[in-house]
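Below: the structure, in structure tokens.
The values are calculated or read from the model by the stated rules, or taken from the named source; none is laboratory data. Here the structure is a predicted model, which is why all the values come from computation and not from measurement. Heads up, the Cβs are rebuilt from the backbone with ideal geometry, glycines too, and the neighbour counts pull from every protein chain shown. Note: accessible area is taken over every heavy atom of the protein model, side chains too, but ligands, DNA and RNA are not part of it. Shrake-Rupley method; radii C 1.70, N 1.55, O 1.52, S 1.80 Å.
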Amino acid sequence: MEKTYLQSIIQINEEGYLTDFTQWTKEIGAEIAKEQGIEMTDKHWEVIDYIHDKYKNEEALSIRGIKKSGVINIKEFYELFPGGPLKKATLIAGIPKPKSCI
Amino acid sequence: MKNLVILGAGTSGTMMANHLVSKLPKDEWKITIVDQYKTHYYQPGFLFLPFDIYTTKQVKKNGKKFIPKGVNYIQEKIELIKPEENKVSLENGETLNYDILIVATGTKIAPDETEGMDGPMWHKNIFDFYTYEGAKALRNKLREWEGGKLVIHITEMPIKCPVAPLEFAFLADSFFKNKGMRDKVDITFVTPLDGAFTKPKATEALHYLLEEKGIKEVTDFNIERVDYENNKIIDYADTEVDYDLLVTVPTNMGDALIERSGLGDDLNYIPTNKTTLQTEAHENIFAIGDCTNLPASKAGSVAHFEAEILTENILRYIDGRELKEEFDGHANCFIETGNGKALLIDFNYTTEPVEGTFPFPGVGPLSLLKESRTNHMGKMAFRWIYWNMLIKGVHIPFVSATMSKKGKKLEN
């Protein structure tokens, strides 16, 4: 599927997650966040940077990882990304959502 | 004489011993395998034990039976791996030297990672079914349970056999129907992920199962603690789920040995090359099965496919040849859906489970991502295959170590 963000055509899956991370930019991330009702702040971007690091090293994302990240505690993580914080943060970060095998 | 040492005699370690004993020249290599436990468990059977589908005898055997002649089997607890010295020390004070080390120490549940989980109600009304003790205690509970709120819960990913909790929910539905008390049981599936099914094609093909069986879902639930006094689990967003009987999959972690030896990540899993199975830190240490940090499912079938590729890579390493970057994350899993039916899924790192036929393209006899009785028979037959072929390292005909794209309904 395709979707246009800021005049760029972006490849996404059925759930809106980017399927090609190379198409991601900070500006597109901010647009996706807006659709989720989230206005990005420096703290939000710090979390997104941490998530990108994990993704590039092919390390799994988890609430435990967030707890140990030193970037943020879990209560703050929920406040920044209300609802499903890992699900929303990965959506904004342009990487696949955490999933199981089916 | 050179030494190859295998740590752990579970599914992976036993398979490696069987593969290598016939491949390594006996006058040059001594193979040693170490495990502290006497019993080898058929872990997929832990799913069936609580429902009295399998007996305790069907899921355990004496591990020694499966270690081939010509392999030195030591039943002792491992104290430490010393990678800088190429030594392993055992609890009895003995030291083993190795030229090549294969770590196959698996993964364990860690209920003490969650506040209130393994407190006074552990194995009273809070159970796991990932251990023999847990599955057996839960069986005894289910035999006399009169109904109420059954909550099936996943603490955090990754877990061994990610579909087992869902299978447990399906089997519970059948179990209570057969006992004539389904109307007295409320079944809820609680997951940290965004659904019981998380991949678009599987969700589309299989979500009806939850609706049909009346299983409720609570999603995006990241548990903070178990309030065992008031029988509820509470997450970081302060969402509460009440239970009368909690069947949880606690945090899964690699063995404490890995942490003691400084070889693991946050969850004591060993950073391992995902295509060659060589550990990232030490070129003469390889890791297989649940103890690695591979982004593959922690499952016996994955270990089985890894074993074929790791055997080849051990031989290449000995000859000083380049390692084969072949492992693709291949997994092949039967999923019980209750009422004598099952699904089959076949996938790898990059291809999600899709519909199709297996193992023969267009023929089957097994169907992918679809419920059938034949698939259930496959799952039941698998116990025999496990004890008689799989851990003995006998190749299972027509099933390749890497995933085949034939017979699958793939896009593009």
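Here are the numbers for the structure shown:
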item: Residue count for region B:242-259, restricted to those that are more than 22 Å from the chain's Cα centre (by Cα) and surrounded by fewer than 19 Cβ atoms within 10 Å (Cβ to Cβ); result: 2
item: Whichever residue in region B:143-158 is modelled with pLDDT of 95 or more and crowded, with 19+ Cβ neighbours inside 10 Å and, among such residues, is farthest from B:GLY106 (Cα to Cα); result: B:LEU150
item: Single residue of region B:359-379 satisfying the filter (charged (D, E, K, R) and open to solvent by 40 Å² or more (accessible area, probe 1.4 Å)) that is farthest from A:ILE102 (Cα to Cα); result: B:ARG373
item: Conditions (1) of a type in the set (Gly, Ala, Ser); (2) surrounded by 14 or more Cβ atoms within 10 Å (Cβ to Cβ); (3) within 14 Å of chain B (Cβ to nearest Cβ): number failed by A:ALA33; result: (3)
item: Scope region B:220-264; condition under 30 Å from B:ASN284 (Cα atoms), among the aliphatic types (A, V, I, L, M) and assigned to a strand (DSSP E or B); matching residues; result: B:MET253
item: Test: residue in region B:197-208 that is within 12 Å of chain A (Cβ to nearest Cβ) and at pLDDT 95 or above; result: no
item: Test: B:LYS379 is of a type outside the set (A, V, I, L, M, F, W, C) and touching a helix residue (DSSP H, G or I) at 6+ places or on another chain (Cβ under 6 Å); result: no
item: One residue from B:PHE168, B:PHE175 being part of a helix (DSSP H, G or I), open to solvent by 30 Å² or more (accessible area, probe 1.4 Å), on the phi < 0 side of the Ramachandran plot and not hydroxyl-bearing (Ser, Thr, Tyr); result: B:PHE175
item: Hits in region B:182-219 - residues which are in a loop (DSSP other than H, G, I, E, B) and touching a residue at least 60 places away in the same chain (Cβ under 8 Å); result: B:LYS199
item: Residue match in region B:227-241 (condition: open to solvent by less than 30 Å² (accessible area, probe 1.4 Å), away from chain A (no Cβ under 14 Å), charged (D, E, K, R) and within 17 Å of B:LYS298 (Cβ to Cβ)); result: no
item: Only one of A:ILE92, A:ILE38 that is modelled with pLDDT of 90 or more and either within 14 Å of chain B (Cβ to nearest Cβ) or under 11 Å from the mean Cα position of the chain (by Cα) (or both); result: A:ILE92
item: So B:ILE314, is it closer than 19 Å to B:ILE33 by Cβ, at pLDDT below 95 and open to solvent by less than 40 Å² (accessible area, probe 1.4 Å); result: no
item: Some residue of region B:115-124 being within 30 Å of B:GLY329 (Cα to Cα) and of a type outside the set (Lys, Arg); result: no
item: B:LYS124 vs. criteria assigned to a strand (DSSP E or B), of a type outside the set (Phe, Trp, Tyr) and open to solvent by 10 Å² or more (accessible area, probe 1.4 Å); result: no
item: So B:TYR269, is it of a type in the set (Phe, Trp, Tyr), buried (at least 17 other Cβ atoms within 10 Å of the Cβ), in contact (Cβ under 8 Å) with a residue 24 or more places away in the chain and away from every other protein chain (no Cβ under 14 Å); result: no
item: Check on B:LYS64, free of Cβ contacts under 8 Å to residues at least 40 places away in the same chain and within 20 Å of B:ASP128 (Cα to Cα); result: no
item: Residue in region A:67-89 that is farthest from A:THR41 (Cα to Cα), counting only those that are facing chain B (nearest Cβ under 8 Å) and of a type in the set (D, E, K, R); result: A:LYS68
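Residue by residue, here is whether (1) of a type in the set (Ser, Thr, Tyr); (2) open to solvent by less than 10 Å² (accessible area, probe 1.4 Å); (3) under 16 Å from the mean Cα position of the chain (by Cα) holds:
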site	(1), (2), (3)
B:GLU283	no, no, no
B:LEU323	no, no, no
B:GLU326	no, no, no
B:ASN332	no, no, yes
B:GLU336	no, yes, yes
B:LEU343	no, yes, no
B:THR357	yes, no, no
